[in-house]
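Have a look at this one.
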Amino acid sequence: MPVPCVRVPTEDGEATRRRLADADLVDGDHTITGEDGFLYIPVTDPAAVPGDLAVVDFDAPERRTQTNPADILGFEPSYERLGDVVIVDEDDPERAQRIADAIVQSDVRARTVVNRASKIKGTERVRDWDVLAGESTESSEARRGLEDEQGESSSTETVHREYGCEFELDIAEVYFSPRLATERHRVVEQVDAGEQAFDMFAGVGPYAVPMAAAGADVVATDINERAIHYLRRNAERNGVADRVTAIAGDVRDLAGDYENWADRVVMNLPHTAEEFLDTAVALAGDDCVLHLYDIQHEDDPYGPAEAAIREAAEPAYDVTVETHRSVRSYAPHELNVVVDARLTRR
Ligand code: SAM
């Protein structure tokens with residue numbers, strides 16, 4: 001049945017919805033609907049709507065179920081979620097903004113909506129973000145400076161939950177990918193209580209913290225001081241601070257204190273991890289499993305990593321590849337892979 005709705009061009013939709021919401025005029029019993037470039041916002045009292053807005057009768061569906069962004073946009077947008085931050089990946093800034101507005105108008109839980117503004121870059125593997133909706137519409141980079149001065153929490157900071165652990169992180173300051181959750185869990189499931197595990201490129205701790213929760217004593221290093229800041233908080237948050245030693249710096253400079261120490265070494269720095277194999281072998285105890293991540297062409301995804309491990313570890317160790325698997329597709333014909341290799345001292 002038609003109900004009174006404010007009809008606005010889609011691009012004005014979010015601003016208008018906010019105006020109407022501020023005046024307590026949005027009819028929550030009917031769904032905001034997009035059609036032919038216009039948004040129809042159901043209103044409770046058409047007479048109270050400001051005169052510059054057009055009110056029409058429109059067959060807005062009753063709100064029996066949740067409103068999805070697709071109901072508003074007329075197409076299914078792609079996005080992923082990290083805690084209460086929603087991430088879109090759009091080249092066209094106008095399309096990105098439309099999607100962000102629809103996410104905010106929908107019932108999707110979102111404190112902030114961001115768009116990828118750069119590739120993952122630099123040693124710390126962090127990317128830039130455009131904040132499209134949420135507490136701030138400034139670029140996250142600009143905002144970060146402000147926050148550091150004021151000590152406030154950032155619009156790009158969130159808490160992500162994964163296999164029973166919680167990870168606090170700021171996507172503008174550290175690397176994090178929720179897509180690796182299954183792979184991380186696969187590694188953590190191999191951990192025995194009491195073992196000594198070294199995470200060379202630890203980030204905010206998505207391997208280190210659950211390995212400690214599984215009973216390992218963990219040393220975790222990262223060159224990004226902010227990652228180590230969050231890793232320490234995450235170890236506290238998950239009740240394993242007593243089993244996690246987190247150290248900021250280049251792992252090559254820190255490994256000296258842990259030579260012959262590790263039963264397990266995690267090397268999650270695809271593209272360059274092989275350059276760190278000498279360090280990994282120095283860390284390895286008499287019997288140690290290496291988890292080496294790599295990105296390779298699909299024609300020979302595991303050969304280069306296995307050859308590099310053998311070159312670094314033999315003849316001091318026997319090398320047995322226990323598993324290799326593709327973690328995910330990285331680019332056309334390129335795979336992100338992992339090789340689990342056991343090093344046994346001869
Ligand atoms: N393992 C984490 C995860 O799964 O989220 C982070 C992986 S991220 C791909 C690689 C990490 O290695 C980044 O946090 C980066 O700062 C760190 N890194 C790069 N070079 C390093 C070095 N020489 N020593 C220690 N950490 C380094």
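The values are calculated or read from the model by the stated rules, or taken from the named source; none is laboratory data. Everything numeric in this text was worked out from a predicted model, so none of it was measured. Backbone-built Cβ (ideal geometry, glycine too); neighbour counts: all protein chains shown. Please note that ligands, DNA and RNA were not included when accessible areas were found on the heavy atoms of the full protein model with its side chains. Shrake-Rupley method; radii C 1.70, N 1.55, O 1.52, S 1.80 Å.
Return the total of residues in segment 290-324 being in contact with a helix residue (DSSP H, G or I) (Cβ under 9 Å, 6 or more places away or on another chain) and either in contact (Cβ under 8 Å) with a residue 40 or more places away in the chain or among the hydroxyl-bearing types (Ser, Thr, Tyr) (or both).
Summing the residues that are in contact with a helix residue (DSSP H, G or I) (Cβ under 9 Å, 6 or more places away or on another chain) and either in contact (Cβ under 8 Å) with a residue 40 or more places away in the chain or among the hydroxyl-bearing types (Ser, Thr, Tyr) (or both) in segment 290-324 gives 8.
Checking ALA193 against (1) surrounded by fewer than 18 Cβ atoms within 10 Å (Cβ to Cβ); (2) assigned to a helix (DSSP H, G or I), which test does it fail?
(2)
Out of ARG179, ARG184, which single residue is in contact (Cβ under 8 Å) with a residue 60 or more places away in the chain and basic (Lys, Arg)?
Answer to the check: ARG179.
Take the residues of segment 89-127 that are within 16 Å of the ligand (Cβ to nearest atom) and open to solvent by 80 Å² or more (accessible area, probe 1.4 Å): which is farthest from PRO69 (Cα to Cα)?
So the residue we want is THR123.
Return the total of residues in segment 179-201 being within 17 Å of the chain's Cα centre (by Cα) and more than 6 Å from the ligand (Cβ to nearest atom).
6
Follow-up question, since we're still on this one. Out of everything in segment 202-225 that is within 10 Å of the ligand (Cβ to nearest atom) and out of contact with any helix residue (DSSP H, G or I) (no Cβ under 7 Å at 6 or more places or on another chain), what residue ends up being farthest from THR272 (Cα to Cα)?
GLU225
With (1) open to solvent by 40 Å² or more (accessible area, probe 1.4 Å); (2) not in a strand (DSSP E or B) as the list, and ALA227 as the residue in question, which single condition is left unmet?
For ALA227, the failing item is (1).
May I pose another question? I'm trying to understand the selection: among the residues of segment 249-270, which are near the ligand (Cβ under 9 Å from one of its atoms) and farther than 19 Å from THR344 by Cβ?
GLY249, ASP250, VAL251, ARG252, ASP253, LEU254, ASN268, LEU269, PRO270
Kindly list the number of the only condition in (1) modelled with pLDDT under 95; (2) assigned to a strand (DSSP E or B); (3) open to solvent by less than 20 Å² (accessible area, probe 1.4 Å) that fails for GLY34.
(3)
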